[in-house]
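Presented below is the structure to which this report refers.
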Amino acid sequence: MERRALLTILAGLLLFETGALIASAAPTGTWWIVFLVLMPAGLGTLVWLGFRWAAMACVMYGTVGLALDLSTMVHVLTKDAGGLWSLPTNLVSGGLNFLLILVGGRSFLGGVVAQPPPGSRPPNPPVLS
């Protein structure tokens, strides 16, 4: 279940960020394209292949993305630099990054926590001698 949720959130981030990059008229650097488009695609591939550590990589990616979204929202609200387009875009992206952190952390920790041992065994019967 968590694997499907991680893949869905990563696909949503990939589609949303690609659409936001195409819709924005501002020129973007190569590292923005790598971070916003290629990283979710690579992480989705690793999650799809079943690597458990990819869930923690999703948490790290979501944390950096959420920090960037929050700092951009604060900048827009205080300096009015991005206008009306930037704030809703960062709200949606920040929400998806927050979901990525939650689902990725749950997925990673769900694999680490072992199942509890089965119930206690009945005692050995007394030996009749």
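Some notes on this structure:
- Subset of segment 7-23 that is open to solvent by 40 Å² or more (accessible area, probe 1.4 Å) and of a type in the set (Gly, Ala, Ser) - its residue that is farthest from Leu99 (Cα to Cα): Ala23
- When the criteria are applied in full, Ser107 fails the requirement of being at pLDDT below 85, in a helix (DSSP H, G or I) and either of a type in the set (Phe, Trp, Tyr) or surrounded by 11 or more Cβ atoms within 10 Å (Cβ to Cβ) (or both).
The values are calculated or read from the model by the stated rules, or taken from the named source; none is laboratory data. Being a predicted model, the structure only gives us computed values, none of them experimental. Every residue, glycine as well, gets a Cβ built from its backbone with ideal geometry; the counts of neighbours run over all protein chains shown. Please note that ligands, DNA and RNA were not included when accessible areas were found on the heavy atoms of the full protein model with its side chains. Shrake-Rupley method; radii C 1.70, N 1.55, O 1.52, S 1.80 Å.
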